[in-house]
Amino acid sequence: MADAQVVEALERLVTAAVGLTTVVLGEAGVASELTLPQWRTLVVVAQSDGSRVGEVAARIGVSLPAASRLVRRL
């Protein structure tokens, strides 16, 4: 497996883990203020400090305007 494929697989794994964590915390009433896209954005930003919004958008799979709105809300 190429390095890029490993990184992509790990990013998908982390995103899935964040989604599962969000569901569990939401059921427990702990993290009800953050949506799944907000959690995903936080994970991506935390992993790569100094990222541009366009890079964040590409990594979370949303448009640039959607990523801008997410970041602004956070």
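Projecting the Cα atoms of Leu20, Ala66, Gln38 onto the dipole axis of the chain, where Lys and Arg carry +1 and Asp and Glu carry -1 at the beta carbon, places Ala66 farthest toward the positive end.
A helix-only calculation puts the chain at -24000 deg cm²/dmol for mean residue ellipticity at 222 nm, using -39500 (n - 2.57) for each DSSP H run of at least four residues, averaged over all residues.
Per-residue extension of 0.36 nm, minus the Cα-Cα distance of Ser63 and Glu11, leaves a gain of 16.9 nm for this segment. Is the chain best put as rounded, prolate or oblate by its Cα gyration tensor, with a ≥ b ≥ c the root eigenvalues, rounded for a/c under 1.5, and otherwise prolate when a/b is larger than b/c, oblate when not? Here the chain falls in the oblate category.
Computed from the coordinates by the stated procedures, all read-outs in this text should not be read as laboratory data. Everything numeric here is computed off the predicted structure, so don't read it as measured data. Ideal geometry is used to build each Cβ from the backbone, glycine not excepted, and the neighbour counts take in all protein chains shown.
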